[in-house]
Amino acid sequence: MSTSTPSRSAFERTLKGACDRLGYSDAMFRLLASAAREIKVDIPILRDNGELAVFTGYRVQHQNARGPYKGGLRYHSSVDIDEVRGLASLMTLKTALVDIPLGGGKGGIECNPRELSPRELERLTRKFVQRIHREIGPETDIMAPDVGTNAQTMGWIYSEYGAIHALQPAVVTGKPLSLGGSPGRDKATGYGVALTIQAYAAHTKTKLEHKTAAIQGFGNVGHHAALCLKEMGVKIVAVSDSRGTIHCKDGIDIDRVMAKKKEFGRFDEMPGYELKEPAAVLELPCDYLIPAALGDAIHAGNAHKVKAAVIVEGANGPCTLDADRILGERKIPIIPDILANAGGVIVSYFEWVQNLQRHGWDLEKVDAELARTLKKAAHAVFEHAEDQKISLREACYDISVMRVKEALDATGF
Ligand code: GLU
């Protein structure tokens, strides 16, 4: 794996293709390609040992024609302005594709959260909110968890924003349930990956029973995708984390692997299972390969070794432009990130709605609405791709870009 940066140029080239197919002007392309606002801040904190440390934080607000900026906050050592820009643009397309009234944004702090104590992470998060609080809010820009952040991080954002303004749960989503979080938000992205696969199977008239999946990344997305797919009858033959791949062609007991990972903090030898290199997961024969770790996981160097029938992008930007081309030539379809992992932001939207209405939904309603929203979007993509004889990614971009342009036109210039 090279870096975790979903390349900005990949986004721009795919966007340009959509604008050309749709006959949009160069000015419209440039408007859709660029961010409305980019915020960069220094975040000084005292480490637990009393020493001063200074981190850099970003919030990129890409587009809000369809609604307030919306997107996660990432804590990772790879975070830089380019990565956050790329991820912010993907959020604009994602919210448009699943047709929820939100725009796109993304934030990040360049740090290694594993090297910071919980108290240091709390200070870092609160100081970041102090720096950007004027630019965020329930009607302006709503953050959520991403790589390296979780419900606890959102709880700190909620609390710090509330200390400066008034306590408003809708300022952030993916919060703990006790602070107005939504049932089903935690599993939403992984469940969405499974629902997208279910929709694709229905579209291609295949049965999910006895199909196999290999999952790269065993964090929130990979873990929940594995559990949900298993319930749908799919056999999980491999899962990986940054240190190893667990493989068993007869199927893996996900709870057993999770228990082991919790105990040792990583995958380890387990009787009956093979322990392989982390990258081995990408090269195993399976029906569905789900890269659910970081960006650029499948690239020119390994795309020709993929043996899966279909790739389902659980992470944001896991296939580079080269990988897209090579896999296209090899006739391996890719279900793109902005569709496959949209379950998270869809349930974020439900959380925001519940917060604004001061009325909670039960899990049954959240799950049913998520399935309805995602499947509608998925079928529109599959049909458009077939009609136009274009890839699933191109179909996603066409639909999203048309919706964003329609809103821009409607608001006037
Ligand atoms: N970070 C997630 C994503 O990339 C969720 C964003 C959100 O819920 O706002 O889609």
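Determine if region 339-353 includes at least one residue that is assigned to a helix (DSSP H, G or I) and surrounded by fewer than 21 Cβ atoms within 10 Å (Cβ to Cβ).
Here is the first cut: in region 339-353, the residues assigned to a helix (DSSP H, G or I) are 339-340, 343-353.
Right, trim to surrounded by fewer than 21 Cβ atoms within 10 Å (Cβ to Cβ) and you get 353.
Yes: region 339-353 contains one or more residues that are assigned to a helix (DSSP H, G or I) and surrounded by fewer than 21 Cβ atoms within 10 Å (Cβ to Cβ).
Which one is farthest from residue 185 (Cα to Cα) among residues in region 219-251 that are buried (at least 18 other Cβ atoms within 10 Å of the Cβ) and of a type in the set (S, T, N, Q)?
245
Yes/no matrix, rows are residues, columns are (1) surrounded by fewer than 24 Cβ atoms within 10 Å (Cβ to Cβ); (2) out of contact with any Leu (no Cβ under 8 Å at 6 or more places or on another chain):
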residue	(1), (2)
138	yes, no
149	no, no
162	yes, yes
165	yes, yes
168	yes, yes
191	no, no
198	yes, no
204	yes, yes
214	no, no
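Can you name the residue in region 158-186 that is under 22 Å from residue 341 (Cα atoms) and away from the ligand (no atom under 13 Å from the Cβ) and is also farthest from the chain's Cα centre (by Cα) among such residues?
Within region 158-186, the match that is farthest from the chain's Cα centre (by Cα) is 177.
Give all pairs with beta carbons closer than 9 Å in which a residue from region 255-272 that is surrounded by fewer than 15 Cβ atoms within 10 Å (Cβ to Cβ) meets a residue that is polar (S, T, N, Q); count only pairs at least 6 apart in sequence or on separate chains.
Pairs found: 266/242.
Can you list residue pairs whose Cβ atoms sit under 8 Å apart, with the first residue in region 322-336 being without any contact (Cβ under 8 Å) to a residue 60 or more places away in the chain and the second being among the acidic types (Asp, Glu) and assigned to a loop (DSSP other than H, G, I, E, B)? Count only pairs 6 or more apart in sequence or on different chains.
Taking only residues 6 or more apart or on different chains, the pairs are 334/313.
When you go through (1) within 29 Å of residue 302 (Cα to Cα); (2) of a type outside the set (Phe, Trp, Tyr); (3) in contact with a helix residue (DSSP H, G or I) (Cβ under 6 Å, 6 or more places away or on another chain); (4) outside any helix (DSSP H, G or I) one by one for residue 390, which number turns out not to apply?
If we test residue 390 against (1) within 29 Å of residue 302 (Cα to Cα); (2) of a type outside the set (Phe, Trp, Tyr); (3) in contact with a helix residue (DSSP H, G or I) (Cβ under 6 Å, 6 or more places away or on another chain); (4) outside any helix (DSSP H, G or I), just (3) comes out false.
Name the pairs: first residue in region 78-91 and at negative phi and at pLDDT 95 or above, second residue in a helix (DSSP H, G or I) and buried (at least 23 other Cβ atoms within 10 Å of the Cβ), Cβ to Cβ under 6 Å, at least 6 apart or on different chains?
That search, which allows pairs on different chains as well, returns 90/338.
Does residue 130 satisfy the condition of being part of a helix (DSSP H, G or I), within 16 Å of the ligand (Cβ to nearest atom) and surrounded by fewer than 24 Cβ atoms within 10 Å (Cβ to Cβ)? Quick ask: steps written out before the conclusion?
Working: part of a helix (DSSP H, G or I): yes; within 16 Å of the ligand (Cβ to nearest atom): no; surrounded by fewer than 24 Cβ atoms within 10 Å (Cβ to Cβ): yes.
In short, no.
Where in region 13-108 are the strands (runs of 3 or more DSSP E), entirely inside, with at least 3 residues that are crowded, with 18+ Cβ neighbours inside 10 Å and within 16 Å of the ligand (Cβ to nearest atom)?
52-63, 69-76
The values are calculated or read from the model by the stated rules, or taken from the named source; none is laboratory data. All values reported here derive from a predicted model rather than from experimental measurement. Here the Cβ is made from the backbone with ideal geometry for all residues, glycine too, and neighbour counts use every protein chain on show.
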